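Let me begin by presenting the structure, written as structure tokens, before commenting on it.
The values are calculated or read from the model by the stated rules, or taken from the named source; none is laboratory data. Computed from a prediction, not measured in an experiment: that's the story for all the values here. Cβ placement follows ideal geometry from the backbone for every residue including glycine, while neighbour counts extend to all protein chains displayed. SASA here: full protein model, heavy atoms, side chains in, ligands and nucleic acids out. Shrake-Rupley method; radii C 1.70, N 1.55, O 1.52, S 1.80 Å.
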Amino acid sequence: MEKTWRWFGPNDKITLDMLRQIGVEGIVTALHHIPNGEVWTLDEVEKMKSFIESHGLRWSVVESLPVSESIKYAGPDRDALIERYKESLRNLGKAGVKTVCYNFMPVLDWARTDLEYPNANGTSNLYFNLGEFAYFDIHILKREGAEADYDDNTLARVEELRLSMTSEGEKRLVDNIIVKTQGFVNGNISESDLDPVQKFRDLLALYDGIDADKLRDNMAYFLKAIMPVCREYDINMCVHPDDPPRQILGLPRIVTCDDDIQAFLDAVPDSHNGLTFCAGSLSAGEQNDVCSLARKYAKRTHFAHLRICRVLPGGDFKEASHLDPRLIYVVRTFEKENPSIPMRVDHAELMLDDADKGYNAGYSFHGRMLALGEISGVMATVRSELDS
Ligand code: DNO
């Protein structure tokens, strides 16, 4: 697989020169300065591409060309927005950038409650605490009927939290769940929003009456509309699985498991309609066996996110080591079945001086560099086994 790295553009504190030194071959990025729903012009795409190439690297993957909420919930302007999306794809195609990652998660992209959960060795990592998440849903968001979505054990954890929760604790949860994890990946909520919770409630309301079947129809509608452009320019679309892979906050989620993946592939049967195999997101669902999913979908995968989670009793999950045997199995599978795809490591630890640098949550430098070194070793070993 091609070793790529998610880089957030010229303002990223991690520079392309640094990335060349650590064995990165290709860049995963987006035109973060262009607001969601606007066209990525050929000029802007080419500027970014030349900048990357002037550092001896290539622009391997777009992550993400964001799908506007209105396309997801089928708002009145969805056709106009799809036309703009197609225009952006054409411009990417003309410039030769042909792997496009996106997601179809309503409102919230990925969810974590803790961004610096301490590990025993002094590093820290991302963590999802189901009790805290349910607390956010029930007591901060105050979503109607939220209690019904949690089991007794989780509700008991929420009650325990309620007895000791402080206003700083609540602020930390809001920051982690809807501000810090979201601001840099999707423009829905940003650090400058004065009342992120109210803004978030308004966004949730857009999905009133949209269930999983409707969302599936809307995804198929979108994919069918863009496929002719993808065929013309040979662009591979790869949807990111839902993170975590389950319904949350009353929102439907439709890329959570084997059946879901099969369903969107069947709905639009075209090789340009494929998957971002995020081993981390898929492994955060107890229903999923990432190893068999990798075997089953290797050929429909256009991009791999290499990280892995461990689900804990009670429904919490945390990021596990990049040397976890399941991840080694996934790497072996892709090296065998689809070795030309790009891969990037993801959500690594904060280590050494990473924590002082203000990197985007989950996107440390030293932690990801270590993970890339580990995965590179696994890839080299697997390749030499396959060659012998
Ligand atoms: C989080 C990322 C996601 C991903 C998008 C793709 O760290 O994995 O934000 O980039 O869902 O559209």
Open item on the list: Taking just the alpha carbons, could you work out the radius of gyration and Dmax for the chain, both in angstroms?
Closed with: 20.1, 61
Open item on the list: Run lengths n ≥ 4 of DSSP H only: what is the helix-derived mean residue ellipticity at 222 nm for the chain, with -39500 (n - 2.57) per run over all residues, to the nearest 500?
Closed with: -12500 deg cm²/dmol
Open item on the list: If I build a Gaussian network model for the chain, linking alpha-carbon pairs within less than 10 angstrom, which residue out of 116, 160, 46 has the largest mean-square fluctuation?
Closed with: 160
Open item on the list: As a test of the definition: which semi-axes, in Å, follow for the stretch 331-388 when you take the square root of five times each eigenvalue of its alpha carbon gyration tensor? Largest first, please.
Closed with: 29, 11, 6
TODO: List, largest first, the extents of the alpha carbons of the stretch 280-388 along their principal axes, each in whole Å.
DONE: 43, 32, 22
- [ ] Could you work out which residue, out of 132, 319, 44, moves most in a Gaussian network model of the chain, that is, has the largest mean-square fluctuation with Cα springs under 10 Å?
- [x] 44
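Can you send over the carbon and sulfur percentage of the accessible area for the chain, probe radius 1.4 Å, protein chains only?
Roughly 49 percent of what the probe reaches on the chain is carbon or sulfur.
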Task: Ratio of the Cα radius of gyration of the stretch 7-158 to 2.2 N^0.38 Å, where N counts its residues - done: 1.36
TODO: Could you tell me which of the pairs 3/299; 3/318; 47/199; 47/98 are separated by over 27 angstrom between their Cα atoms in the structure shown?
DONE: 47/199
Task: Rg over Rh [alpha-carbon atoms, Kirkwood Rh] for the stretch 238-319 - done: 0.96
TODO: Can you bin the stretch 146-216 into rounded, prolate or oblate? Criterion: square roots of the alpha carbon gyration tensor eigenvalues sorted a ≥ b ≥ c, rounded for a/c under 1.5, prolate for a/b above b/c, oblate for the rest.
DONE: oblate
Task: Computed magnitude of the charge dipole of the stretch 125-205 (debye, nearest 20; Cβ of K, R +1, Cβ of D, E -1) - done: 220
Open item on the list: Treating only the Cβ of Lys, Arg, Asp and Glu as charged (+1, +1, -1, -1), what charge dipole size does the chain show about its Cα centre? Round to the nearest 20 debye.
Closed with: 1060
TODO: Arrange the peptides 93-99, 351-357 so that the one whose residues have, on average, the most other Cβ atoms within 10 Å appears first.
DONE: 93-99, 351-357
Open item on the list: Counting each pair of different Cα atoms once, what's the Kirkwood radius of the stretch 196-282 in Å, rounded to one decimal?
Closed with: 14.1
- [ ] Could you tell me which of 97, 188, 165 has its Cα farthest along the dipole of the stretch 83-222 towards the positive end, charges placed at Cβ (Lys, Arg +1; Asp, Glu -1), taken about the Cα centre?
- [x] 97
Task: Per residue solvent-accessible surface (Å²) - the stretch 152-311, probe of 1.4 Å - done: 41
Open item on the list: Whole percent per 10 Å bin, from 0 to the bin with the longest distance: what is P(r) over all C-alpha pairs of the stretch 103-173?
Closed with: 18, 45, 31, 6, 0
Open item on the list: Restricting everything to alpha-carbon atoms, can you work out Rg to Rh for the stretch 1-46 with a Kirkwood hydrodynamic radius?
Closed with: 1.03
TODO: Extending each Cα 7 Å along its Cβ direction at residue 164 and residue 194, get the distance between those two points in nm, one decimal.
DONE: 3.5
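DSSP beta bridges in the chain, what fraction antiparallel, as a percent rounded to 5? Intermediate values should be presented prior to the final figure.
Values: 10 of 38 bridges.
Of all bridge pairs located within the chain, approximately 25 percent are antiparallel.
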